[in-house]
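The values are calculated or read from the model by the stated rules, or taken from the named source; none is laboratory data. Since we're looking at a predicted model, the values are computed, not measured. Cβ placement follows ideal geometry from the backbone for every residue including glycine, while neighbour counts extend to all protein chains displayed. For accessibility, only protein heavy atoms count, side chains too; no ligands or nucleic acids. Shrake-Rupley method; radii C 1.70, N 1.55, O 1.52, S 1.80 Å.
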There are 2 protein chains.
Amino acid sequence: MSRIVYVNGEYLPEEAAKVSVFDRGFLFADAVYEVTSVLGGKLIDFAGHAARLSRSLGELEMENPLTEAEWLAVHREMVARNGLEDGLIYLQVTRGAADRDFAFPEAATPTVVLFTQSKPGLAESPAAKTGIKVASVPDIRWGRRDIKTVQLLYPSMAKMAAKKLGADDAWLVEDGFVTEGSSNNAYIVKGGTIVTRNLGTEILHGITRAAVLRFAREAQMKVEERPFTVEEAQGADEAFVTSASAFVMPVVAVDGAVLGDGTPGPVALRLREIYLEESRKAAV
Amino acid sequence: MSRIVYVNGEYLPEEAAKVSVFDRGFLFADAVYEVTSVLGGKLIDFAGHAARLSRSLGELEMENPLTEAEWLAVHREMVARNGLEDGLIYLQVTRGAADRDFAFPEAATPTVVLFTQSKPGLAESPAAKTGIKVASVPDIRWGRRDIKTVQLLYPSMAKMAAKKLGADDAWLVEDGFVTEGSSNNAYIVKGGTIVTRNLGTEILHGITRAAVLRFAREAQMKVEERPFTVEEAQGADEAFVTSASAFVMPVVAVDGAVLGDGTPGPVALRLREIYLEESRKAAV
């Protein structure tokens with residue numbers, strides 16, 4: 001069955017879901033996005049994604065084309081029209097189409113696109129039971145990673161580089177410290193303390209990160225928000241990554257160094273359990 | 001009159017020139033481009049652009065979808081169908097459309113788009129007679145600026161920042177040194193010596209840059225390829241930028257400091273003259 005894709009107010013079969021070649025999302029990567037998970041037909045952490053979208057648009061001096069209530073309505077309509085049970089809703093807003101010029105167009109209507117990806121059993125990912133291996137690669141992305149733009153070529157290249165190294169995903173390293181994963185935030189656990197990079201322009205301010213750290217603190221776990229090195233990660237008891245689509249995903253090896261006994265650690269598994277339970281309760 | 005746009009082998013009215021929302025050029029900025037100038041209906045420096053396109057694609061592990069002869073034929077067809085006398089031909093190649101995933105798709109057909117921009121009197125730009133003012137802004141782009149990708153959001157933001165500072169364009173500064181302009185290579189002239197940033201991953205390897213430096217050396221001008229600071233630029237006799245669309249464009253002020261008497265310098269004007277003369281002769 002063909003998916004139904006939202007393009008600028010219209011619900012279209014995916015084959016007909018197109019944008020102008022003059023769209024600045026296509027020509028300049030002048031666009032931001034969000035990915036929201038759906039479990040049991042309900043949206044996970046929707047308010048967080050809506051708030052971050054608004055912030056990303058503001059940083060780029062773009063108007064938010066919809067209100068939060070309208071965004072919610074469109075997301076729900078996409079769930080309904082696609083019969084989505086478990087999966088993802090991707091949304092992208094671009095500055096719109098205009099004749100090509102580096103300067104922002106004076107008047108352009110933002111382009112809004114949403115599509116779904118069905119992922120049956122998303123919360124029961126086999127990878128969460130075995131854990132994933134990561135390989136470190138240099139972080140050469142631009143300096144404003146806190147804005148969730150579609151400038152994703154390097155994260156894609158990093159993921160491919162990690163696969164060539166026999167790993168499942170990449171951890172990006174800048175000035176000797178891990179910034180984050182290719183599309184997720186990175187954590188290590190040592191002596192019961194969870195360590196993850198502090199917020200700044202160097203990393204994405206993960207919606208799942210914020211929720212997981214809140215749950216960790218509520219569960220009396222110790223959290224340190226600071227940079228860590230690959231060497232420190234290799235000496236950790238366990239590690240994990242978080243993202244909207246992978247939730248909490250255990251990491252069992254870093255650059256070939258096996259962590260603990262090479263199976264998912266108890267902190268990662270416990271946080272995954274809490275996150276999924278609490279998020280399902282709060283899903284809308 | 002509506003332009004004729006090339007999309008994957010078809011020549012379409014611009015209103016119908018669209019790409020899938022699943023195109024990786026739209027979702028991941030997973031695409032490269034070139035801009036070739038047209039003067040008197042003929043292509044300027046075409047071979048240089050074709051060679052750089054091929055290199056950019058190779059760096060991203062993408063196949064070149066057309067041979068150089070085919071690219072030339074499509075460019076000429078675009079000139080003919082659009083009755084283009086003076087202007088630009090923009091071309092973009094993306095990795096193609098595939099369901100969204102950071103990993104490169106195993107099988108995707110590259111998307112090829114070309115469009116024209118008519119610029120009557122392109123070689124007689126009034127700005128070339130008065131010169132432009134530049135303002136320096138931090139260079140926070142990714143680390144592989146030698147690959148001509150569509151990750152152009154920051155150059156756009158830099159141009160807007162420069163305009164807010166009362167300048168016409170931005171010069172990007174990293175670790176204390178000028179890398180290049182927002183969409184052009186940067187030069188200063190002091191005591192008859194032309195200074196411009198040496199090639200590397202920090203800057204685009206300008207096709208116009210290569211030609212202009214060759215012409216300068218042939219004219220017995222002294223050329224130094226090395227980094228320079230904003231302060232050195234402010235103390236220079238003159239400055240200029242080069243690009244495929246602006247050719248050689250004099251710069252008359254850097255961060256408010258007026259160079260010389262505030263009018264285009266003799267080296268910039270002479271190089272512009274030589275470049276236009278030689279390029280027209282070699283146009284195809």
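Heavy-atom accessible surface of A:Y154, to the nearest 10 Å², is about 20 Å², with a 1.4 Å probe and all protein chains retained. Projecting the Cα atoms of A:A167, A:F228, A:L60 onto the charge dipole of chain A (Cβ charges, centred on the Cα centre) puts A:A167 farthest toward the positive pole. Label zone of A:V173 (point 7 Å out along Cα→Cβ, amide N under 14 Å): in region A:180-204 this covers A:180-181.
Listed values for region A:26-39 are Karplus-derived 3J(HN,Hα) couplings in whole Hz (6.51 cos²θ - 1.76 cosθ + 1.60, θ = phi - 60°), namely 7, 8, 10, 6, 8, 6, 10, 8, 8, 10, 10, 7, 10, 10, and x replaces Gly and Pro. The simple Förster model, with R0 at 41 Å and r as the Cβ-Cβ distance, assigns A:V258 and B:D101 a FRET efficiency of 0.90.
For B:V223, the residues whose amide H sits under 5 Å from its own are B:I194, ignoring neighbours fewer than 5 places away on the same chain, with H placed 1.01 Å from N. Quick one: which of A:K159/B:K164; B:K42/B:K148; A:K148/A:K281; B:K18/B:K133; A:K18/A:K159 span more than 29 angstrom between C-alpha atoms? In this structure, A:K159/B:K164; B:K18/B:K133 exceed 29 Å between Cα atoms. A Gaussian network model of chain B, with springs between Cα atoms under 10 Å, assigns the largest mean-square fluctuation among B:G41, B:G235, B:G143 to B:G143. So if we plug the beta-carbon distance of A:D86 and A:E231 into 1/(1 + (r/R0)^6) with R0 = 60 Å, what FRET efficiency do we get, rounded to 0.05? For R0 = 60 Å, the calculated efficiency reads 0.95. Take B:T201, push a point 7 Å out from Cα through the beta-carbon direction, and compare it with the same point in every other copy: 2.1 nm, smallest first. In order along region B:2-12, the phi-based Karplus estimate (6.51 cos²θ - 1.76 cosθ + 1.60, θ = phi - 60°) of 3J(HN,Hα) comes to 6, 6, 9, 10, 8, 9, 6, x, 10, 9, 10 Hz; Gly and Pro are listed as x.
Taking GluC sites (Glu not before Pro) that fall in a DSSP loop and have at most 16 other Cβ atoms within 10 Å as cut points, what is the longest piece of chain B between them? Segment B:107-284 is the longest. Considering only beta bridges that DSSP places wholly inside chain A, some 80 percent are antiparallel. For chain B, hydrophobic long helices are taken as DSSP H runs at least 27 Å long by C-alpha position along their axis with mean Kyte-Doolittle hydropathy of -1.0 or more; none is present. Per residue, the accessible area of the protein assembly as shown comes to 38 Å², computed with a 1.4 Å probe over protein heavy atoms only. Beta bridges per DSSP, both residues in region A:138-211: antiparallel share near 90 percent.
Across identical copies of the chain, B:T263 has label-point separations of 8.3 nm, listed in ascending order, with the point defined 7 angstrom from Cα along Cα→Cβ.
Toward the positive end of the charge dipole of chain A, with +1 on the Cβ of Lys and Arg and -1 on the Cβ of Asp and Glu, the farthest Cα among A:P126, A:V137, A:I203 is that of A:P126. Note: relative contact order over region B:127-282, using C-alpha pairs below 8 Å and six or more positions apart, is 26 percent. Between amide H atoms placed 1.01 Å from N, distances below 5 Å from B:M62 occur with no residue 5 or more places distant or on a separate chain.
Assigning unit charges at the beta carbon (Lys, Arg +1; Asp, Glu -1) and nothing else, what dipole magnitude in debye, to the nearest 20, does the protein assembly as shown show about its Cα centre?
Computed charge dipole of the protein assembly as shown: roughly 140 debye.
Once you reduce region B:160-193 and region B:55-87 to the center of their Cα atoms, the two points are 29 Å from each other.
Here the simple spin-label model places points 7 Å from the Cα toward Cβ, and for B:N198 and A:M221 these points are separated by 4.8 nm. Projected label points at A:K164 and A:Y11, each 7 Å from Cα along the beta carbon direction, are separated by 4.4 nanometres.
Charge dipole of region B:2-91 (Cα centre as origin; +1 on each Lys and Arg Cβ, -1 on each Asp and Glu Cβ, all else neutral): 140 debye, rounded to the nearest 20. Label-to-label distances for A:E61 across copies, nearest first, come out at 3.8 nm, using points 7 Å from Cα in the beta-carbon direction. Taking every DSSP bridge with both residues inside region A:125-273, close to 60 percent are antiparallel.
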